[in-house]
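A short reminder: the numbers here are calculations on the coordinates, not readings from a lab. Please read all numbers here as calculations on a predicted model, not as lab measurements. Here the Cβ positions follow ideal geometry from the backbone for every residue, glycine too, while neighbour counts run over all protein chains shown.
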Amino acid sequence: MSPSREVSPVPVVLVHGLRVSGAALHRIAAEITDRPVLTPDLPGHGTRSAETFTIDDAVTAVLGAVRDVGEPAVVAGMSLGGYVSMAVAGRHPDAVAGLVAMCATTQPSRLLAAPFRAFGAATGFLPRQAAVISKGLTRVAVGTRVAEDMEAGGLALHSIRDVVGELSNFDALAEVARYPGPIEFINGGWDQFRIHEQRFRAVSDRAELRIIPRAAHLFPLIQPARTASLIDDFARRCDHVRIA
């Protein structure tokens, strides 16, 4: 009789949203204690602020983190990070044990990108004023503690235009459809980015959709312990992928 083999916990790579950096996810990462976790910076953000954001380079950055932490890994992203995570899973399925996309079930388009493109242009003309306004509005919307988390690695307002330009031509549904593994979409009930969630849910018979009642777009940062628990529960279901 062959000796039994232990299940090795699947590591997690957390992918941040627009304007912020991997440092913004530190409270979520701290709550995931039973498996390795990395929170890389995307191009144009945090420690990579000087780089120009592209989807291809963002995928490369996340894939590098997956390889550093040990593949296959659960890739869990919020907002922009959710879309980047979809691209990683669709293009490199063998590296992804499971996909968690939070606050990212609106299919990008030029029309939907228009307001964000306008804000991105404004930050280019008035960067200091835009930073002050952005910080003030964030504190009003989510409170000081979450705002400080978001500012931990610096605010990448200068990258908004590049991100919006890339996402306006990004086919998120096609990327998800290419991924054969387990998927969980998680949205806040009050999230404005859930308008196509049923289309995303229907793209794979391995996809599940979870709605957090009375939660807004930034709920992962507002409710880090709950978010970590959801990701960890999903990762546990993926642990059989890695055998020690």
- request: Determine the shape class of region 12-236: with a ≥ b ≥ c the square roots of the Cα gyration tensor eigenvalues, call it rounded for a/c under 1.5, and otherwise prolate if a/b is greater than b/c, oblate otherwise.
  value: rounded
- line: HN-Hα couplings for region 49-65 via Karplus (6.51, -1.76, 1.60; θ = phi - 60°), in whole Hz with x for Gly/Pro, come out as 4, 6, 7, 8, 6, 9, 4, 4, 5, 5, 4, 4, 5, 5, 4, x, 5
- line: HN-Hα couplings for region 100-107 via Karplus (6.51, -1.76, 1.60; θ = phi - 60°), in whole Hz with x for Gly/Pro, come out as 10, 10, 10, 6, 8, 10, 10, 5
- prompt: How many nm separate the modelled label positions at residue 7 and residue 33, each set 7 Å beyond the Cα in the direction of the Cβ?
  reply: 2.0 nm
statement: Simple SL model, points at 7 angstrom along Cα→Cβ for residue 209 and residue 54; separation in nm is 3.4 nm
